[in-house]
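Engineer: Dumping the structure here so I can ask a few things about it.
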Amino acid sequence: MTILRKLFHTPTTRYSISEILRWLGRIWKYNRLQATLNAVIGILGVAVSLTQVWAVKHAIDVAAGAEKGSIYTAVAIMGLLILADFALNISGIWVRNLLGIKAQNRMQQMMLDRILRSEWHGKESRHSGDVLNRLEADVSNVVSFLTETIPSSISVLLMFIGAFTYLASMDWRLALVITFMIPLFVLVSKTYVGKMRLLTRKVRDSDSKVQSVLQETVQHRVLLKTLEGYDEAVGRLENTQSELRRNVVKRTVFSVFSNLVLNFGFAMGYLIAFLWAAVQMSLSMLTFGGMTAFLQLVNRIQGPARSLTKLVPAFVSVFTAAERLMELEEEPMEEQGEPVLLDGPCGVRMQDVSYTYMDGEDKVLNRVTFDFKPGSCTAILGETGSGKTTLVRIMLALLSPQEGRVEIYNSLQKVLMTPLLRANFVYVPQGNTLMSGTIRDNLKMGRQNATDEEIRQALMLCCADFVYDLPDGIDTFCSEQGGGLSEGQAQRICIARALLRNRSVMLFDEATSALDTETEKRLLSNILARRDKTIIFITHRLAVVDYCDCCLKIS
């Protein structure tokens with residue numbers, strides 16, 4: 001691979017060529033069917049195409065009297081070959097459209113699953129718009145390359161070999177002259193690959209920035225309206241788009257110049273072939289059908305050669321896409337396996353827990369020790385930024401303590417907290433966490449097999465029976481982040497979703513902040529009535545503290 005890097009002047013990147021090829025090989029295994037079908041269709045297309053060259057030559061020579069035979073039969077053969085070509089084209093379209101979207105969807109699912117199951121460190125290193133751009137554009141690029149570009153390259157290579165062999169059987173000297181552009185292709189590629197790969201990466205990164213700005217602007221459009229920040233928002237988009245345009249222009253200029261050099265070589269090759277065939281025909285050493293076949297074969301040699309030159313930017317593009325997707329897989333996976341459920345009620349014990357998000361920063365948590373006993377109700381108090389939410393994330397094994405330990409226990413056993421034990425928790429985070437879809441869809445995220453009666457009971461406990469007064473009841477559709485509902489209504493539905501999950505430890509992070517005092521009292525009374533759960537509130541509200549057995553003050 002070092003030789004290849006030197007040959008193609010490929011810039012040093014985070015991943016070696018061998019690492020990228022191994023990664024592409026792993027992805028290819030999931031797309032073998034489509035790739036194989038496209039390859040077979042391409043090979044059959046080569047056979048039909050070369051047979052058409054013979055059929056045209058035969059028909060012309062029969063019509064001119066240079067060969068014996070029936071002109072009707074010759075034309076009929078040409079017609080059958082045209083129909084075969086149509087059938088192969090239609091088959092290729094079906095394979096690309098039907099299996100292609102399935103392959104792209106499957107890879108997006110694999111990448112999303114990998115992201116969801118990876119470790120989370122509390123501070124995202126990439127903008128969500130950038131991640132979405134990679135899951136859409138880069139996934140499409142990789143799948144298209146593996147299932148279409150590579151199989152078509154096989155047929156292109158076969159077409160080149162077949163056409164060259166056929167032409168050589170007619171005139172080996174002309175065949176050699178026509179292929180003179182191949183060394184030119186290799187020579188240009190040596191200087192092309194490295195520069196093009198760098199320019200393509202800049203374009204893709206700029207495109208991600210544009211999508212990030214668009215997504216963030218749409219997401220916070222209410223804030224921008226209240227701040228009257230229209231011009232600033234559009235100006236920010238213009239700045240990122242300008243960067244994208246500059247990078248696209250640089251890549252286009254370089255690509256156009258490179259293609260101009262190659263196309264000049266191909267044009268010269270065709271003119272030489274035409275002159276050669278014309279001279280041979282003028283000397284009666286070549287029939288009119290033979291000259292037609294000559295020129296068709298030249299096209300069938302130069303066509304694949306042109307296609308092979310397009311492989312270079314295709315490789316550059318897919319290497320860039322692969323690198324960007326491989327970066328999404330850099331985070332290590334959480335512990336995987338079957339969730340471990342303990343018999344309730346369960347408690348959570350923290351011993352000398354400390355945590356810092358980044359090296360050099362002050363500790364967010366410093367030697368915190370506390371026992372959230374089974375069946376207890378605890379309020380976690382503290383100033384903003386004191387580490388309350390971080391404490392909850394450690395309890396949920398979203399973060400691992402850098403010092404100390406966290407255990408979950410019951411009357412029979414105690415276990416060091418891991419992601420597999422997260423199944424014993426229910427978590428209601430701050431703010432509105434409803435997804436787009438119906439209220440029923442959102443509630444069933446808590447438990448997919450929940451019955452309508454169980455859903456009703458959960459909504460009643462959370463003072464969310466207002467749902468049944470809506471025109472479509474629990475099938476009422478909500479837009480992004482519960483659009484159409486008030487913050488208080490959305491919070492109550494989120495709590496009902498948590499109750500449907502029905503786990504031993506319930507964590508509420510300012511989950512009642514949008515409720516009025518009376519509704520909050522009724523909801524808390526309902527939740528705490530049975531005393532069969534370990535309940536932990538992060539709160540600033542004294543009404544919540546009054547319902548708790550004890551408090552943990554974080555400073």
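Engineer: Among the residues in region 77-89, are any modelled with pLDDT under 85 and either open to solvent by 70 Å² or more (accessible area, probe 1.4 Å) or within 26 Å of SER140 (Cβ to Cβ) (or both)? Walk me through how you get there before you give the answer.
Structural biologist: Residues of region 77-89 modelled with pLDDT under 85: none.
No, region 77-89 contains no residue that is modelled with pLDDT under 85 and either open to solvent by 70 Å² or more (accessible area, probe 1.4 Å) or within 26 Å of SER140 (Cβ to Cβ) (or both).
Engineer: Only one of these is in a helix (DSSP H, G or I) and either open to solvent by 20 Å² or more (accessible area, probe 1.4 Å) or closer than 21 Å to CYS346 by Cβ (or both): LEU500, LEU507. Name it.
Structural biologist: It is LEU500.
Engineer: Okay, next question. Among the residues of region 532-555, write down those that are within 19 Å of LEU500 (Cβ to Cβ) and either open to solvent by 60 Å² or more (accessible area, probe 1.4 Å) or at pLDDT below 85 (or both).
Structural biologist: ASP532
Engineer: Could we say that LEU135 is open to solvent by less than 60 Å² (accessible area, probe 1.4 Å), modelled with pLDDT of 85 or more and not in a loop (DSSP other than H, G, I, E, B) here?
Structural biologist: On the way: open to solvent by less than 60 Å² (accessible area, probe 1.4 Å): yes; modelled with pLDDT of 85 or more: yes; not in a loop (DSSP other than H, G, I, E, B): yes.
In short, yes.
Engineer: Can you list residue pairs whose Cβ atoms sit under 9 Å apart, with the first residue in region 471-487 being over 23 Å from GLN457 (Cα atoms) and open to solvent by 60 Å² or more (accessible area, probe 1.4 Å) and the second being part of a loop (DSSP other than H, G, I, E, B) and small (Gly, Ala, Ser)? Count only pairs 6 or more apart in sequence or on different chains.
Structural biologist: Filtered contacts from region 471-487: GLU480/SER436; GLN481/GLY431; GLN481/SER436.
Engineer: Can I ask one more? Look through region 387-409, keep the residues that are among the small types (Gly, Ala, Ser) and closer than 13 Å to PHE370 by Cβ, and return whichever of them is surrounded by the fewest Cβ atoms within 10 Å (Cβ to Cβ).
Structural biologist: GLY404
Engineer: Another question about this same structure. Can you confirm whether region 98-113 contains a residue that is modelled with pLDDT of 85 or more, of a type in the set (Val, Ile, Thr), open to solvent by 20 Å² or more (accessible area, probe 1.4 Å) and out of contact with any helix residue (DSSP H, G or I) (no Cβ under 7 Å at 6 or more places or on another chain)?
Structural biologist: no
Engineer: Pairs, please: C-beta under 6 Å, at least 6 apart or cross-chain, first residue farther than 18 Å from GLN211 by Cα and in region 111-140, second modelled with pLDDT under 85 and among the hydrophobic types (A, V, I, L, M, F, W, C)?
Structural biologist: Correct list of pairs: empty, since none qualify.
Engineer: Quick one: which of VAL426, VAL415 is assigned to a strand (DSSP E or B) and surrounded by fewer than 20 Cβ atoms within 10 Å (Cβ to Cβ)? Quick ask: steps written out before the conclusion?
Structural biologist: Values: VAL426 fails: surrounded by fewer than 20 Cβ atoms within 10 Å (Cβ to Cβ).
Going through VAL426, VAL415 in turn, the sole match is VAL415.
Table: residues versus (1) open to solvent by 20 Å² or more (accessible area, probe 1.4 Å); (2) modelled with pLDDT of 80 or more.
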residue: LEU308; (1), (2): yes, no
residue: PRO313; (1), (2): yes, no
residue: ARG324; (1), (2): no, yes
residue: MET333; (1), (2): yes, yes
residue: GLU338; (1), (2): yes, yes
residue: LEU341; (1), (2): yes, yes
residue: ARG349; (1), (2): yes, yes
residue: SER354; (1), (2): no, yes
residue: ASP362; (1), (2): yes, no
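Engineer: Give GLN34, GLN52 a once-over and let me know the one that is among the polar types (S, T, N, Q), under 28 Å from SER169 (Cβ atoms) and at pLDDT below 90. Show your work before the answer.
Structural biologist: Working: GLN34 fails: under 28 Å from SER169 (Cβ atoms).
When all the criteria are applied, what remains is GLN52.
Engineer: So is ASP113 more than 30 Å from SER153 (Cα to Cα) and within 21 Å of the chain's Cα centre (by Cα) or not?
Structural biologist: yes
Engineer: Select the helices (runs of 4 or more DSSP H) contained entirely in region 163-248, then report the ones holding at least 2 residues which are at pLDDT 80 or above.
Structural biologist: Ranges flagged: 181-219.
Engineer: Of the residues ASP130, ASP113, ASP61, only one is under 24 Å from ASP207 (Cβ atoms) and in a helix (DSSP H, G or I); which?
Structural biologist: ASP130
Engineer: Could you grab me the full set of residues in region 498-526 that are among the β-branched types (Val, Ile, Thr), in contact with a Cys (Cβ under 8 Å, 6 or more places away or on another chain) and under 14 Å from CYS377 (Cβ atoms)? I'd like the intermediate steps shown before the answer.
Structural biologist: Of the residues in region 498-526, the ones among the β-branched types (Val, Ile, Thr) are 505, 512, 517, 519.
Narrowing further to those that are in contact with a Cys (Cβ under 8 Å, 6 or more places away or on another chain): 505, 519.
Correct list: VAL505 only.
Engineer: Follow-up question, since we're still on this one. Consider LEU461 against the criteria (1) under 26 Å from VAL340 (Cβ atoms); (2) more than 32 Å from the chain's Cα centre (by Cα): it satisfies all of them except one. Which criterion is unmet?
Structural biologist: Status for LEU461: all satisfied but (1).
Engineer: Restricting attention to region 513-529, and to residues there that are hydroxyl-bearing (Ser, Thr, Tyr) and part of a helix (DSSP H, G or I), which single residue is nearest to ILE493 (Cα to Cα)?
Structural biologist: THR519
Engineer: Only one of (1) under 18 Å from CYS551 (Cα atoms); (2) open to solvent by less than 10 Å² (accessible area, probe 1.4 Å) fails for VAL318. Which number is that?
Structural biologist: The single condition VAL318 does not satisfy is (1).
Engineer: Among the residues of region 453-466, is any open to solvent by less than 30 Å² (accessible area, probe 1.4 Å), closer than 27 Å to TYR409 by Cα and either among the aromatic types (Phe, Trp, Tyr) or not in a helix (DSSP H, G or I) (or both)?
Structural biologist: No; the residues of region 453-466 include none that is open to solvent by less than 30 Å² (accessible area, probe 1.4 Å), closer than 27 Å to TYR409 by Cα and either among the aromatic types (Phe, Trp, Tyr) or not in a helix (DSSP H, G or I) (or both).
Engineer: Among what's in region 26-40 and is touching a residue at least 60 places away in the same chain (Cβ under 8 Å) and hydrophobic (A, V, I, L, M, F, W, C), pick the residue that is most open to solvent (accessible area, probe 1.4 Å).
Structural biologist: Top of the filtered list is LEU33.
Engineer: Condition (residue is over 27 Å from THR390 (Cα atoms) and over 40 Å from the mean Cα position of the chain (by Cα)) applied to region 531-544: is it met by at least one residue?
Structural biologist: Looking through region 531-544, none of the residues is over 27 Å from THR390 (Cα atoms) and over 40 Å from the mean Cα position of the chain (by Cα).
The values are calculated or read from the model by the stated rules, or taken from the named source; none is laboratory data. All of these numbers come straight from a predicted model, not from anything done at the bench. Neighbour counts run over all protein chains shown; Cβ positions are idealised from the backbone, glycine included. SASA here: full protein model, heavy atoms, side chains in, ligands and nucleic acids out. Shrake-Rupley method; radii C 1.70, N 1.55, O 1.52, S 1.80 Å.
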